[in-house]
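The values are calculated or read from the model by the stated rules, or taken from the named source; none is laboratory data. Remember, it's a predicted structure, so these values are computed and weren't measured experimentally. We place every Cβ from the backbone using ideal geometry, glycine too, and count neighbours over all the protein chains shown.
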Amino acid sequence: MHANQSSLNSFRDRIDDIDNEILHLLRERNDTVKKVIDTKIQNKLPIFVANREDDKIADFREKAKVLGLNVDWAEDFLRMIMSSSRSYQSESAFPQTTSGTKNILLVGGRGEMGSLYSRIAGFSGHRVTLLDRDDWDQVEELTRDKDLVIITVPIKITEEVINRIAPYLDKKTILADFTSNKSHILDAMMNAHKGPVVALHPMHGPDVDNVSRQLMMVCHGRGESDYEWLLEQFRLWGMRLKFVDPEQHDRAMHLIQGLRHFVALLHGSFMREFDLKPEDMADFSSPIYRAELMMTGRIFAQNAELYADIVFSNFERRTLLIEFLEHHEMLAELVKNNDRDGFIREFNQITNFFGEFADQALEESSYMINRLADRFG
């Protein structure tokens, strides 16, 4: 064997040994994490502590710098380890609020989101009961002595379900919902139920392993002190809470959900019409377009009725979509008239509107694209 080849094999063998050592250290770290989470559960401490992670990341970056390593790479590595640890922590138990075990009813609880929160609440030691479409003959029994009732059903029937179940609720029972519309749903709950009311919107899908670091939107209704234990429970699960006005929430959701999903429909429909097969488009895509294509394709891997309910959820959202299409026609005139200068003017006006956020978007999207390219390129 050539001497250079022998040296190369020796180096490769050492790299393999180091990789094996890393795996064993990661396993040891996971075992230690298990002891940490057991202690947290026993002492009713939060799963995720933002300041602890922030301090650890800053310290890790500094140590990486001293060792001559790329500090951004070191941070990514640590964040992946911590993310894995949070998933590992969430396999069988979660801490419970200091107010003790609660009786929780999830209406629509056999759906995907209901199943997720049923599992997490159960792992926290709460007594969880489900009421779904075939259980209404037991509604009086299922609603008895409940501390919390959460409505997690499709948007189009949420108000109907609220009015249907409210007469069976005790005045001390907290009534909440998980829908993505808040103004009229909060009003419906306030009118139907005289007890504590809070409107909630989990800003994540049902496919997460746990809700640590996920965002929960909260719109106060009535009896805030009565449902403070619920907000505490969210925090113990590691969730971030954002308290918002319901109208402010809905205005943002019209754009974030309604408009974005309709744009995906336009994108996908155009591809279908012109037989632009996604797998072929992916082969010819730059990383940025591949990311956009994957976000579009992600929507069409899910339930059509769910997205129809989101897009057509209320009059205000449909009005915004009509205005969007009319604006689209105005911009199409630039293309019809070959108006390059008009395009540049519009582009620059939007650049001014986005301001410094455009630079932030460039930085964050570049990070995402590079990581996607590393993983799936």
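Summary table
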{"quantity": "Single residue of ILE162, ILE151 found to be within 23 Å of the chain's Cα centre (by Cα) and among the β-branched types (Val, Ile, Thr)", "calculated": "ILE151"}
{"quantity": "Residues of segment 154-172 that turn out to be touching a Ser or Thr at 6+ places or on another chain (Cβ under 8 Å) and either buried (at least 23 other Cβ atoms within 10 Å of the Cβ) or modelled with pLDDT under 95 (or both), as a count", "calculated": "3"}
{"quantity": "Flag if VAL161 is under 23 Å from ASP309 (Cβ atoms) and part of a helix (DSSP H, G or I)", "calculated": "yes"}
{"quantity": "Test for THR101: is it surrounded by fewer than 16 Cβ atoms within 10 Å (Cβ to Cβ) and touching a His at 6+ places or on another chain (Cβ under 8 Å)", "calculated": "yes"}
{"quantity": "Scan of segment 224-243 for residues that are within 22 Å of VAL128 (Cα to Cα) and either in a loop (DSSP other than H, G, I, E, B) or under 13 Å from the mean Cα position of the chain (by Cα) (or both), ordered by number", "calculated": "TRP237, GLY238, MET239"}
{"quantity": "Search result, residues across segment 179-200 that are part of a loop (DSSP other than H, G, I, E, B) and at pLDDT below 95", "calculated": "THR179, SER180, ASN181, LYS182"}
{"quantity": "Residue that is farthest from ILE165 (Cα to Cα) [pool: residues in segment 103-150 that are assigned to a loop (DSSP other than H, G, I, E, B) and among the hydroxyl-bearing types (Ser, Thr, Tyr)]", "calculated": "SER124"}
{"quantity": "Per-region count, segment 11-44, residues in contact with a Pro (Cβ under 6 Å, 6 or more places away or on another chain) and on the phi < 0 side of the Ramachandran plot", "calculated": "2"}
{"quantity": "Test: residue in segment 201-214 that is farther than 19 Å from GLY114 by Cα and either in contact with a Ser or Thr (Cβ under 6 Å, 6 or more places away or on another chain) or in a helix (DSSP H, G or I) (or both)", "calculated": "no"}
{"quantity": "Condition check for LEU293: under 25 Å from SER118 (Cβ atoms) and among the aliphatic types (A, V, I, L, M)", "calculated": "no"}
{"quantity": "Cβ pairs under 6 Å, 6+ apart, first in segment 172-193 and within 23 Å of TYR307 (Cβ to Cβ), second at pLDDT below 95 and assigned to a loop (DSSP other than H, G, I, E, B)", "calculated": "ASN181/SER313; ILE185/THR179"}
{"quantity": "Scope segment 97-115; condition among the hydrophobic types (A, V, I, L, M, F, W, C) and out of contact with any Leu (no Cβ under 7 Å at 6 or more places or on another chain); matching residues", "calculated": "MET113"}
{"quantity": "Qualifying residue in segment 322-329 (condition: closer than 28 Å to SER183 by Cα, assigned to a helix (DSSP H, G or I) and touching a residue at least 60 places away in the same chain (Cβ under 8 Å))", "calculated": "yes"}
{"quantity": "Residue under evaluation ALA176, criteria (1) part of a helix (DSSP H, G or I); (2) over 17 Å from the mean Cα position of the chain (by Cα); (3) under 16 Å from ILE104 (Cβ atoms), criterion not met", "calculated": "(1)"}
{"quantity": "Which listed residue, of ASP209, ASP187, is in contact with a helix residue (DSSP H, G or I) (Cβ under 9 Å, 6 or more places away or on another chain), surrounded by 14 or more Cβ atoms within 10 Å (Cβ to Cβ) and closer than 17 Å to ALA176 by Cβ", "calculated": "ASP187"}
{"quantity": "Residue match in segment 196-213 (condition: over 19 Å from the mean Cα position of the chain (by Cα), charged (D, E, K, R), in the same structural domain as ILE165 (by TED's automatic domain parsing) and farther than 22 Å from GLY111 by Cβ)", "calculated": "no"}
